[in-house]
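Presented below is the structure to which this report refers.
Nothing in this text is a laboratory measurement; each read-out follows from the coordinates by a stated rule. What you are looking at is a predicted structure, and each value in this text was computed from that prediction instead of being measured. Quick reminder, even Gly has a Cβ in these numbers, built from the backbone with ideal geometry, and neighbours come from all protein chains shown.
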Amino acid sequence: MNSLSFATVKQLREQLKNKTISIEELLDFFINRFAAYDGELGAALEIFDKEWILKNSTLSGPLQGIPGLIKNNIAIEEQLLTCGSRMLKDFRSPYDATVIARLKAQGGAIIGRANLDEFAMGSSTETSYFQKTKNPWDLSRVPGGSSGGSAAAVAAGLVPWALGSDTGGSVRQPAAFCGIVGMKPTYGHVSRYGLVHYASSLDQIGVFSRSVYDSAFIFSLMAGKDEHDSSTLQVKSKDYTQKLDGTLPKGLKIGIVDNTLCAEGMDPEVVLAIENGMKEFEKLGATIHHVTLPAIDYSAAAYFVLSRAEAASNLARFDGVRYGFRNKQASTLRAMYDETRHDGFGAEVKKRIIVGNYVLSSGHSGEFYDNAQKVKRLIRSQFVEAFKEVDVLLMPTHPAPAFKLGAFDLDPLQIDLQDYFTCPMNLAGIPAISIPCGMSKDGMPIGFQIAAPHLAEELMFKVADAYEQATPWQGMHPKGY
Ligand code: GLN
């Protein structure tokens, strides 16, 4: 049975098809894995009752009852939707997010809820109101964030796939920290209906998996136009696994973004892993081209301003009137708003609301918000120019492997810099996938990302799959699970 723990979705589908295991046995197996290992890991906030799981999936179709864990900011009908916040501690969703409805309809068994940074704001899963999630490779380290619970659970073999959301890197960075695959789609390729907004112009739901094939497989099941989300693009659904045969397209040109490798604070081990990756791609037949994207150096600052501005307006709805928590002691309406927001939000969220309102305030918006929008446009156009020269871009996912819990408590600016390599793709609205590409001397996984042009997910998966099949990183998993 232990071979099931780290099996891919593809392998599990085979086993179900051959009837070497039943859907119920598979579900029991993963429910028991959470019971056995998640006490110390803290990846899940909740594992659902078995009857509910079985009742709330067709258990047939492509996913055939294979369980997945869902970040707790994606709506699942009847279930708690806490966003890792005291504000929504007891809030139950009245409907399914589009991705959940689509996955349930295609046989996905929704096993439970993954921990996250409060309202998806963070890079370490330490800002959750409920618990801190640990990295299964080293329990003294963070799993990354904000979708750290989803990443840790897949990495520890507690579940074969999971969903997260990526506004500035929250799928790709934890995937890299935990040694698994994490993808963020083109903005508008996956519906945001039922995803609790953080920064709506940047948010996308993405997939965690053990292999690029599984990533493409799950993505295929949830992508495409949705009448509930007017920002979704008019794209026909298709099977993104079709072209995955371990080869690179002929004559592929890969751009290595030079200014990312010499960025301040880059860990030499991460640089080395990427240089080795380039050699591997050359062996596979690609040519490497050096490109510079100077605007990347401003992207973390622009992301900082835009994400806080959007968060401040999106979170204005949590005032004790309609959703979730309310301070009941307050004697006036105004006091009720103030006290509810004071008690309901954690420190990180409050800090972002204050910054967001400041950058939007009259007299300051030109200096901050308008300039950040200009940088966003500049980044977009530099990506467009780069993709005239090369087919895909190769970049680090993170400057250094997973850091220790609490490492940046006294230096919060450092944690914001975690977004340095991931948020440019959110600003540009293009797809990117982080895949394992090495191991540090102290045994922590390293990842890099492949970014592709707008709607070029098929190419992105193909390039990542060829690399994965040619290298040993996919088979690695943490000891003790
Ligand atoms: N670390 C980033 C932030 O805190 C990214 C979060 C995300 O993608 N949800 O804003």
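Brief remarks follow.
- Relative contact order for region 231-292, counting Cα pairs under 8 Å that sit 6 or more residues apart, in percent: 51
- Both radii were evaluated on the Cα set of region 373-481; the Rg over Rh quotient, with Rh as the Kirkwood radius, amounts to 1.02.
- Calculated FRET value between ILE21 and SER231, using beta carbons and R₀ = 41 Å, to 0.05: 0.55
- Along its principal axes, region 208-303 has C-alpha extents of 44, 37, 26 angstrom, given from the largest down.
- Å³ per residue enclosed by the Cα convex hull of region 236-366: 230
- Here the relative contact order of the chain, from alpha carbon pairs under 8 Å that lie six or more residues apart, stands at 18 percent.
- Projected label distance in nm at TRP52 and ASP409, using a 7 Å step from Cα toward the beta-carbon: 3.3
- Considering the chain, its Cα convex hull presents a mean projected area of 21.5 nm².
- Normalised per residue, the volume of the convex hull around the Cα set of region 362-419 (Å³): 105
- Highest mean packing comes first when the peptides 355-366, 411-422 are listed by Cβ atoms within 10 Å, giving 411-422, 355-366.
- Only helices enter this figure: runs of n ≥ 4 DSSP H residues, each worth -39500 (n - 2.57), summed and divided by the residues of the chain, yield -11000 deg cm²/dmol at 222 nm to the nearest 500.
- Gap separating the Cα centres of region 345-378 and region 208-239, nearest whole Å: 31
- Net length gained if the chain between ASP267 and LYS350 were fully extended (0.36 nm per residue, minus Cα distance): 26.7 nm
- Between GLU367 and MET278, full extension at 0.36 nm per residue minus the direct alpha carbon distance yields a gain of 28.1 nm.
- The Rg/Rh ratio for region 1-133, using Cα coordinates for both the radius of gyration and the Kirkwood hydrodynamic radius, is 0.98.
- Peptides ranked, highest mean first, by Cβ atoms within 10 Å: ranges 295-308, 49-62: 295-308, 49-62
- A simple rule links phi to the HN-Hα coupling: the Karplus curve 6.51 cos²θ - 1.76 cosθ + 1.60 with θ = phi - 60°, which for region 21-36 gives 8, 9, 4, 5, 4, 4, 5, 4, 4, 6, 4, 5, 4, 4, 4, 7 Hz, with x for Gly and Pro.
- Stretch gain in nm, segment THR332-SER60, where the contour uses 0.36 nm per residue and the Cα spacing is subtracted: 92.6 nm
- The percentage of C-alpha pairs in region 86-224 whose separation is greater than 28 Å is 10%.
- In this structure, the residue pairs whose Cα-Cα separation is over 27 Å, taken from LYS17/LYS225; LYS236/LYS462; LYS132/LYS238; LYS17/LYS253; LYS134/LYS184, are LYS17/LYS225; LYS132/LYS238; LYS17/LYS253.
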